[in-house]
Amino acid sequence: MSAVKDATLPDERTLPTSGLRKLLTRPELGSVVGALAVFVFFAVAADGFLRASSLSTVLYASSTIGIMAVPVALLMIGGEFDLSAGVLVTSSALVSSMFSYQMTANTWVGVGVSLLVTLAIGAFNGFMLTRTKLPSFIITLGTFLMLTGMNLGFTKLIDGTVSTKTIADMEGFSSAHAVFASTLTLGGVDVKVTILWWLGLVALASWILLRTRTGNWIFAVGGNEDAARAVGVPVARTKIGLYMGVAFGAWISGQHLLFSFDAVQSGEGVGNELIYIIAAVIGGCLITGGHGSAIGSAVGALLFGMTSKGIVFAEWNPDWFKFFLGAMLLLATLLNAWVRKRAEATK
């Protein structure tokens, strides 16, 4: 019985003997401390940062990263990562746009086809990983290169340019825009619908991780894949499901991209996969797997949003953004390593 428990329960679910020790074992502790520090810093350094409209802008910037950071975090907890996540967002938008335009169909038909295609690509990543036993770096790097070429090649072949044709005048565009790219007014403040998508995904992912058997499986395969397999955890199915989760996030982000601008540039998305991974790592996920949380990924995305927009509000040279991002990544990684040691010490 003890062997099963060790293989299926994550370290952070052990029950410490005091509230302080329990706090110290939380994977998102480092990111929360960092987020508070960054918030206070820009509240002092940037005029207007605390305005409701400014905070709404920060949340929107965070949500566009957070929607992908959540499933990427779950994948990293499961011991893998996905280098194709950034271009998959663009692929999702391209499929939706080109299918709707070329077939002169209701845009919701394109949205549905895009969902099926995007999930299939995610399943392909997971299937190749589990069948070939190659590192996820190799598998998803290959997918990244293939999707990058396909995005450009198919767009130029079908539309004759590097961007898709506008679909703003097609049937179903207005309702799809309302679902994926609308702006709501709450208390006199404009709030992008992506923030609601983001919060919903965080809540769903947290429930999966902390309240379901699937959550146990995710932590188990990330902590020790062989031990998890030995006690009956469906390792292959779990990893394929995690990659499909990343694909689902890419589908949401892709539809937002499309219905925000009604056309898509085929070269977009390259490099964004690193941003999603950075947000997850800042939020407490370990590269080695088995440790992290959905809430941590949300805080990591919030840190990204506060830094990117805080620099603008402070009227600093935006060239410094990546410096701050790199510094946050390094500090968060060091703090997360310390938190991990504290978590292990409480066993």
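The values are calculated or read from the model by the stated rules, or taken from the named source; none is laboratory data. Since the structure is predicted, the reported quantities are computational estimates derived from the model, not experimental observations. Note that we place each Cβ from the backbone using ideal geometry, even for glycine, and neighbour counts take in every protein chain shown. When the accessible area is computed, the model is the full protein with side chains, heavy atoms only, and any ligands, DNA or RNA have been set aside. Shrake-Rupley method; radii C 1.70, N 1.55, O 1.52, S 1.80 Å.
Within segment 176-195, identify whether any single residue is under 17 Å from Gln102 (Cα atoms) and surrounded by 13 or more Cβ atoms within 10 Å (Cβ to Cβ), and answer yes or no.
No: zero hits.
Which pairs do you get when a residue that is open to solvent by less than 20 Å² (accessible area, probe 1.4 Å), found in segment 291-317, comes within reach of a residue that is of a type in the set (Asp, Glu) and part of a helix (DSSP H, G or I), reach meaning Cβ atoms under 8 angstrom, with the pair 6+ apart or on two chains?
His291/Asp11; His291/Glu12; Ser293/Glu12
Residues that are touching a Pro at 6+ places or on another chain (Cβ under 9 Å) and within 19 Å of Ile65 (Cβ to Cβ): find the helices (runs of 4 or more DSSP H) completely inside segment 228-347 holding 3 or more of those.
Result: 235-261, 294-313.
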